[in-house]
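Where a number appears in this text, it was derived from the coordinates with a stated rule and is not lab data. None of these values were measured; they are calculated from a predicted model. Reconstructed Cβ throughout: ideal geometry from the backbone, glycine too, with neighbour counts over all protein chains shown.
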Amino acid sequence: MSDLAIEATGLCRTYRSRTGWLRPQRQEVVAVRGVDLAVPRGELFGLLGPNGAGKTTTIKMLNTLLIPTAGTARVAGFDVVGQTREVRRRIGYVFGGDRGLYDRLSALDNLRYFAELYGVAPRDQRRRIAELIDLVGLTGRERERVEGYSRGMRQRLHIARGLLHSPEILFLDEPSIGVDPVAARELRQTVADLASTGTTVLLTTHYMAEADELCGRIAVIAAGRIQALGTPAELKHHADGRQVLEVEAYGVTDGQLVGIRRLPGVREVDLVVRGAAQLLTVQSDTAVDVQAEVLNGLSGVRLGRVTARQPTLEDAYVAIVNRAAADGSNGDGTGPVDAPADVAVPA
Ligand SMILES: Nc1ncnc2c1ncn2[C@@H]1O[C@H](COP(=O)(O)OP(=O)(O)OP(=O)(O)O)[C@@H](O)[C@H]1O
């Protein structure tokens, strides 16, 4: 038996579609362009990246829902193209969102139904379902209809469903999407508990903090390629030599952002909306003090708290994704990736 739960070599996927009906045109999107992965059994591995990076496409190839256009992958030791049945028997797949549960049924009845569907032996069903309800923290609520469940509870029930047939490997695609912070914390606890049972977990997420807390190693994917891979501590080195200035502001204009991006020593500029305020984050070289220049560039804007701090893993992630966008690191001239709304364009 291989020590690797997941191994991929040169995995690629191109989508071909047609647009227009009068003069149909063929369109090609290269979603994944040469992904190599080696995930040992029992690891909680994170796949992180901006929108459109290729995370879901990668997961779908690994769990046999999509055929790679090039490259190979083995999951639980079996080939994802030639041995789909063996792979499917050993994996679970849980994706974020609301689909896939019966609202009118209780959690218990949902799990009973899916246990039948997944072929869990009748004599094992009762014990397995009880174990899973306990694992995902729904004990005491299992007889209530799912329609009354919060998003977080539903998501934990999804995880229980994905684990019914005791998979060796669980793919968790954006489990915390749309879940409030408290429920997201409970969800993270569930994932951590699950990993401690020895199940290999491949988690995709947009949230660096989530990956940081949970994952042994993280691959940052952008433009269909792995741009960086390592433990959270290793990834943090991508922001070495930088310092971060955070400014709470009200009404920063695009023109001002462009001006700040052009300041000497500025490496990344990121603006996110936090309630009524904006949070401007400026990464700069430690050798250059940009604070006075940045505040000068914001003249006329009402400012709140101004904080200088050390870079976090999130800052390192922004640096990795932006570097990929800046050098169009697709390597084939297809240009930069789309940065998500909450990730800055490169300075
Ligand atoms: N069925 C499809 N047909 C055509 N293009 C597709 C299809 N599915 C995905 N794509 C494209 O492939 C690229 C990668 O998409 P993918 O869904 O794998 O990214 P992702 O990292 O999971 O993004 P997100 O975080 O937004 O879910 C994107 O450019 C996307 O538009």
### Message
If neighbour count is taken as other Cβ atoms inside 10 Å, put 129, 67, 177, 221 in order from fewest to most.
### Response
67, 177, 129, 221
### Message
In the chain, if the dipole is taken from +1 on Lys/Arg beta carbons and -1 on Asp/Glu beta carbons about the Cα centre, which of 301, 279, 30 is farthest to the positive end?
### Response
30
### Message
Defining a contact as two alpha carbons under 8 Å apart and six or more residues distant in sequence, what relative contact order in percent does the stretch 9-103 show?
### Response
26 percent
### Query
Hey, what number do you get for the chain at 222 nm if only DSSP H runs of n ≥ 4 count, each worth -39500 (n - 2.57), divided across all residues, to the nearest 500?
-9500 deg cm²/dmol
### Task
Could you state the angle between the C-alpha long axis of helix 107-117 and the longest principal axis of the C-alpha atoms of the chain, as a value from 0 to 90 degrees rounded to the nearest 10?
70 degrees
### Query
Using the Karplus equation 6.51 cos²θ - 1.76 cosθ + 1.60 (θ = phi - 60°), what ³J(HN,Hα) coupling, rounded to whole Hz, does each residue of the stretch 131-141 give in order, writing x for Gly and Pro?
4, 6, 4, 5, 4, 8, x, 10, 4, x, 10
### Task
Identify, among 264, 187, 75, the residue whose Cα sits farthest towards the positive end of the charge dipole of the chain, taking +1 on the Cβ of Lys and Arg and -1 on the Cβ of Asp and Glu, with the dipole about the Cα centre.
75
### Query
What list do you get for 179, 273, 80 if you sort them by fewest beta carbons within 10 Å?
273, 179, 80
### Query
Cα centroid distance between the stretch 18-76 and the stretch 266-325, in Å?
32 Å
#### Entry: Cα-based Rg / Dmax (Å) for the chain
22.4, 71
### Stretch gain in nm, segment residue 237-residue 250, where the contour uses 0.36 nm per residue and the Cα spacing is subtracted
1.5 nm
#### Entry: the chain: angle of helix 313-326 to the longest principal axis, Cα-based, in degrees nearest 10
80 degrees
### Query
How many nm separate the modelled label positions at residue 289 and residue 124, each set 7 Å beyond the Cα in the direction of the Cβ?
6.6 nm
## Note on the structure
Phi-derived 3J(HN,Hα) across the stretch 57-74 with the Karplus relation (6.51, -1.76, 1.60, θ = phi - 60°), rounded Hz, x for Gly and Pro, is 4, 4, 4, 5, 5, 5, 9, 6, 7, 9, 8, x, 7, 7, x, 9, 8, 10
